[in-house]
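*Asks:* Handing you a structure now.
The values are calculated or read from the model by the stated rules, or taken from the named source; none is laboratory data. Since the model is a prediction, treat every value here as computed from it, not as a measurement. We place every Cβ from the backbone using ideal geometry, glycine too, and count neighbours over all the protein chains shown.
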Amino acid sequence: MPRMIVNDRPVDIAMDPRTPLLWALRDAANLTGTKYGCGAGDCGACTVMVDGAALRACLVTLSECEGRFITTIEGLSPDRSHPVQQAMVAEQAIQCGFCTPGIVMAAAALLARNANPSDDDIRDAIPNLCRCGVQPRLLEAVRRAARVMRRETTLHAAPVPGIAPADAARTTPALSPAPSGDTPR
Ligand code: FES
Ligand code: FES
């Protein structure tokens, strides 16, 4: 039974070790902030951090995650106050929002290792697809988040309407597979 740390909690996952991490997060852990887009590593909607690096959860198996630290969008910040989250709201770099969790995780991983990324660095680190076309605003959002993290400016974006902080701070419940056919969006 694969064992790993998900959002700072040690978990055993009662699923086939060959299962992609994406399905353990969504179906067993109910961490549905990690999105299923293409399932083939192309879109980036499923991006999470594995040991601090942005990885596509549809491409990594549970056995490959054994003993590693997984962070999902639910675990990035207890109250949506990560500078990337705030900057995405402030720059209105969100349309339908389906791609947003993956983009936020990729951006947060980038800024954790590069405090002052160039525009090319940002484009290289966040090749995520967005069918709503937020890329121009995304660039400014990541630049702005970087300035906040370098303490060159402050940012206090308004909360996103309709999403309670307690929901955003949801932690991993006991990991057991959900009933088959029940795939929340
Ligand atoms: S769902 Fe994983 S990259 Fe598209
Ligand atoms: S905001 Fe809709 S897909 Fe990116």
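*Asks:* So which of 12, 42 is within 16 Å of ligand 2 (Cβ to nearest atom) and either farther than 15 Å from residue 74 by Cβ or not assigned by TED's automatic domain parsing to the domain that holds residue 103 (or both)?
*Replies:* 42
*Asks:* Ok, one more. Find the strands (runs of 3 or more DSSP E) located wholly in the range 11-87 whose residues include 1 or more that are closer than 30 Å to residue 116 by Cα and free of Cβ contacts under 8 Å to residues at least 40 places away in the same chain, and list them.
*Replies:* Result: 47-50, 53-56.
*Asks:* Does residue 140 satisfy the criteria of being of a type outside the set (Phe, Trp, Tyr) and more than 16 Å from ligand 2 (Cβ to nearest atom)?
*Replies:* Answer is no for this residue.
*Asks:* I've got another one for you. Being surrounded by fewer than 22 Cβ atoms within 10 Å (Cβ to Cβ), within 15 Å of residue 126 (Cα to Cα), assigned by TED's automatic domain parsing to the domain that holds residue 17 and aliphatic (A, V, I, L, M) is the requirement here; does residue 53 meet it?
*Replies:* Judged against the criteria, residue 53 is a match.
*Asks:* So residue 54 clears everything in (1) of a type in the set (A, V, I, L, M); (2) within 16 Å of ligand 2 (Cβ to nearest atom); (3) modelled with pLDDT of 95 or more except one condition, right? Which one?
*Replies:* For residue 54, the exception is condition (2).
*Asks:* Please find, within the range 90-138, the residue that is surrounded by the fewest Cβ atoms within 10 Å (Cβ to Cβ) out of those that are charged (D, E, K, R) and in a loop (DSSP other than H, G, I, E, B).
*Replies:* Of everything passing the filter in the range 90-138, 131 is surrounded by the fewest Cβ atoms within 10 Å (Cβ to Cβ).
*Asks:* OK, next. Give the residues of the range 5-33 that are within 9 Å of ligand 1 (Cβ to nearest atom) and either of a type in the set (Asp, Glu) or within 14 Å of the chain's Cα centre (by Cα) (or both), sorted by residue number.
*Replies:* Hit for the range 5-33 is 22, nothing else.
*Asks:* Please determine, by comparing only the residues of the range 57-105 that are among the hydroxyl-bearing types (Ser, Thr, Tyr) and more than 16 Å from ligand 2 (Cβ to nearest atom), which one is nearest to residue 146 (Cα to Cα).
*Replies:* Across the range 57-105, the extreme among qualifying residues is 81.
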